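The values are calculated or read from the model by the stated rules, or taken from the named source; none is laboratory data. No experiment lies behind these values; they were computed from the predicted model shown. Note that we place each Cβ from the backbone using ideal geometry, even for glycine, and neighbour counts take in every protein chain shown. Keep in mind that these areas ignore ligands, DNA and RNA; they rest on the heavy atoms of the full protein, side chains included. Shrake-Rupley method; radii C 1.70, N 1.55, O 1.52, S 1.80 Å.
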Amino acid sequence: MSIQVRDQVFSLTTNGSLYQMKVDQYGILNHTWYGPNTEMDMSYIEDYPEISFSANLWDTEKSRMYSLNDCLLEYPCGGISDFREPALLLRVPDGSSSLDLRYYSYEILDGKYTIEKLPASFDRDQKTQSLKITFKDTVYDIFVYWLYGIFEEENVITRSVTIRNMTPFEIQVKKAVSASLDLPESDYEVIHFHGRHAMERLTERTSLSHGTFSIGSRRGQSSHQHNPGIILAKKNTNETSGEAYGMLLVYSGGFEADIEKDQLDQIRATIGLRSENFRWQLKPGEHLCAP
């Protein structure tokens with residue numbers, strides 16, 4: 001089976017990798033591992049160091065050993081103590097942009113999930129499995145579904161997100177990326193592909209410094225100016241060997257891909273819809289699917 005769930009540990013396996021997440025004691029989904037298939041629970045490597053002046057969740061009381069700003073998170077939200085690049089930002093009528101998502105439920109689906117009215121990968125032979133994890137805000141009836149599709153033979157894991165408004169009022173979606181990946185190490189270089197007419201997909205490779213590296217498109221399409229994808233590669237990685245993580249949108253609209261290196265030399269990579277001028281009004285009972 002490509003999806004296994006045990007003791008609130010979610011393990012997604014392909015022929016060459018293990019992608020693992022774990023729900024912690026506060027209902028936060030932590031990203032614990034993405035790498036070779038170790039066939040074991042990798043959550044033992046979780047480390048919550050005491051970092052002074054890192055904000056805490058309201059229900060951690062006075063603990064200085066837990067802060068979302070230091071954790072490796074699966075899908076981070078803004079306004080609840082993590083000050084790195086958020087994956088999801090909403091605004092409710094009282095003006096708040098805080099979204100405190102906690103684990104609600106999960107479901108394993110046969111076949112590859114679909115995305116309403118958007119292009120997506122598919123599996124005609126129905127050999128794949130999909131994982132749907134549901135999260136709910138601690139204050140409002142706002143539900144977020146994280147979707148994962150596992151193509152075992154191709155060594156590919158797909159991602160998408162759906163936001164559903166079950167409140168009695170309209171909310172505004174300001175940012176909703178398709179995928180976020182937190183990694184504990186930062187000794188990577190970023191590879192991306194830019195270009196122009198008759199000279200498409202030129203390769204550029206650069207080292208990461210502290211702060212945020214960003215590419216994207218304001219044109220309403222990805223086009224040849226920037227391919228909607230990035231690769232994080234170790235310095236000795238080449239076209240035939242080495243360690244690399246790739247993120248690519250099956251989508252050709254306005255997009256952004258950001259890579260942030262934080263105070264603990266951890267990396268966060270996000271990719272999705274461009275948020276600069278994105279404002280989606282979500283009425284009661286409506287939902288929004290990210291590509």
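Quick notes on this structure:
- Using the Cβ-Cβ distance between Ser105 and Met65 with R0 set to 41 Å, the FRET efficiency from 1/(1 + (r/R0)^6) comes to roughly 0.90.
- The stretch 129-198 - percent relative contact order, Cα under 8 Å, separation 6 or more: 22
- Whole-Hz ³J(HN,Hα) from phi, Karplus 6.51 cos²θ - 1.76 cosθ + 1.60, for the stretch 237-253, glycine and proline x: 6, 10, 6, 10, 7, x, 9, 7, 10, x, 10, 9, 7, 8, 5, 9, x
- Pairwise label distance in nanometres, Gln8 with Ile51, each label 7 Å out on the Cα-Cβ vector: 2.2
- Take the chain with all the other protein chains still there, run a 1.4 Å probe, and you get 50 Å² of accessible area per residue.
- FRET efficiency, 1/(1 + (r/R0)^6) with R0 51 Å, evaluated for Gln281 and Asp41 via beta carbons: 0.75
- Per DSSP, loop trypsin sites (Lys or Arg not before Pro) in the stretch 163-221 with at most 14 further Cβ within 10 Å: Arg218, Arg219
- Efficiency of FRET from Cβ geometry, Ser214 and Gln172, R₀ 22 Å, rounded to 0.05: 0.45
- Here the relative contact order of the chain, from alpha carbon pairs under 8 Å that lie six or more residues apart, stands at 16 percent.
- Over the stretch 199-254, the hull volume per residue, using the convex hull of the C-alpha atoms, is 105 Å³.
- Alpha-carbon centroid distance for the pair the stretch 1-73 / the stretch 184-243, whole angstrom: 27
- In order through the stretch 81-98: 3J(HN,Hα) via Karplus (6.51 cos²θ - 1.76 cosθ + 1.60), integer Hz, x for Gly, Pro: 5, 9, 9, 7, 4, x, 8, 9, 9, 10, 9, 9, x, 7, x, 6, 10, 7
- Fraction of accessible area attributable to carbon and sulfur, the chain (%, probe 1.4 Å): 48
- Compared with the alpha-carbon gap, the fully stretched path from Glu185 to Gln221 is longer by 9.8 nm at 0.36 nm per residue.
- Accessible area per residue (1.4 Å probe, heavy atoms of protein chains only) ranks Trp58, Trp280, Trp146, Trp33 as Trp58, Trp280, Trp33, Trp146, with the largest value leading.
- Listed values for the stretch 135-140 are Karplus-derived 3J(HN,Hα) couplings in whole Hz (6.51 cos²θ - 1.76 cosθ + 1.60, θ = phi - 60°), namely 10, 10, 5, 6, 10, 10, and x replaces Gly and Pro.
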